[in-house]
Amino acid sequence: MTWALHLLAMIGRSVLGMLATVGRVAIFAGHTISHLFRPPFYAREFGHALIQIGWLSLPVVGMTALFTGGALALQIYAGGSRFNAETVVPSIVAIGLTRELGPVLGGLMVAARVASSIAAEIGTMKVTEQIDALTTLSTNPMKYLTLPRVLAATLAVPVLVGVGDVIGIMGGFLVGVGRLDFGAATYLHNTMDFLETWDVVSGLIKGAAFGFIVALMGCYYGMHSGRGAQGVGRATKAAVVAASVLILASNYLLTELFFSA
């Protein structure tokens, strides 16, 4: 009986801790969004964040999309050949990338690169008391550090997703034409015939949501980093894990929402 009570107590503490974290993150997100409508706006910090999050993430997102598109074409061809449906390869590659794989894999790559970077940077600033210095200089850390990064990620990740979609479809095209003996004109024709505008738009909406999540988790765990190198390391790890899990969870919720609509 005693071990059962201990087990229930442990589960209860875990649930309460999780709910408390969700509440703190929600409040943090609300404060971040509220600063968007109040001056001042630090354009220089926003521009720097846009380059760091958007431009410098392009190589890893592009390479991921290229190889994913090629592998997806091979796998769909292998499955479709069992039902004499090889011709669906171009359309399924395009739809799968734009609606699902492009946003999710792009978001996860950005989470691995950006969430860790933001958490480590802000966590180090907290440990070295630079955030306290900003407050002393009458500069709101949320407005100076968090808002530019969250806004930049929300705007940059959809662009990365769009570029990744194009590169991924090109990867499928190269494999389809060079390896699977599709005609170039036929492959492109099948891609354009079955790809709809909403397929692309829904993926871009997901990209914006994922970018917001990535930057928010990086900033939140950086701001709440513990003292010392171990505290910054734990904050970095927590930011990447939380961003990745939330991306996958929100992807399902958005897919369900789009499916219902």
_Using a Gaussian network model on the chain with a 10 Å cutoff between Cα atoms, which of V200, V161, V88 fluctuates the most?_
V88
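On the protein heavy atoms, probe 1.4 angstrom, tell me the percent of accessible surface of the chain carried by carbon and sulfur.
Details: 9820 of 13800 Å².
With neighbouring chains kept in place, the figure for the chain is 71 percent.
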*Could you give the spread of the C-alpha atoms of the chain along their three principal axes, from largest to smallest, in whole angstroms?*
65, 61, 36
*asked:* With an 8 Å Cα cut-off and a minimum separation of 6 or more residues, compute the relative contact order for region 1-155 in percent.
replied: 41
_Once ligands and nucleic acids are excluded and a 1.4 Å probe is used, how much of E121 is accessible, expressed in Å² to the nearest 10?_
80
*Please identify which residues in region 70-100 have an amide N closer than 11 Å to a label point set 7 Å out from the Cα of F258, following the Cα→Cβ vector.*
95-100
*Options I92, G172, V214, ranked by Cα towards positive dipole end of region 45-259, top entry (Cβ charges)*: V214
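Just to confirm, what accessible area per residue do you get for the chain at 1.4 Å probe, in whole Å²?
Working: 13800 Å² over 261 residues.
Per-residue value: 53 Å².
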*Each residue of region 21-38 in turn: what ³J(HN,Hα) in whole Hz from Karplus with 6.51, -1.76, 1.60 and θ = phi - 60°, glycine and Pro shown as x?*
5, 4, x, 5, 5, 4, 5, 4, 5, x, 4, 4, 5, 5, 6, 5, 9, 10
*Reachable lysines from K237, Cα under 19 Å, same-chain residues fewer than 8 places away excluded?*
K126
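Put H6, H35 in order of accessible area, largest first, 1.4 Å probe: what do you get? Numbers along the way, then the final one.
On the way: H6 125, H35 20 Å².
Descending accessible area places them as H6, H35.
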*HN-Hα J couplings of region 225-232 from phi, Karplus 6.51/-1.76/1.60, θ = phi - 60°, integer Hz, Gly and Pro as x?*
5, x, 7, x, 5, 5, x, 5
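The values are calculated or read from the model by the stated rules, or taken from the named source; none is laboratory data. Owing to the predicted nature of the structure, the values given are computational and were not obtained by experimental measurement. Don't worry about glycine lacking a Cβ; one is built from the backbone with ideal geometry, like all the others, and counts go over all protein chains shown. With ligands, DNA and RNA removed, areas are computed over all heavy atoms of the protein, side chains included. Shrake-Rupley method; radii C 1.70, N 1.55, O 1.52, S 1.80 Å.
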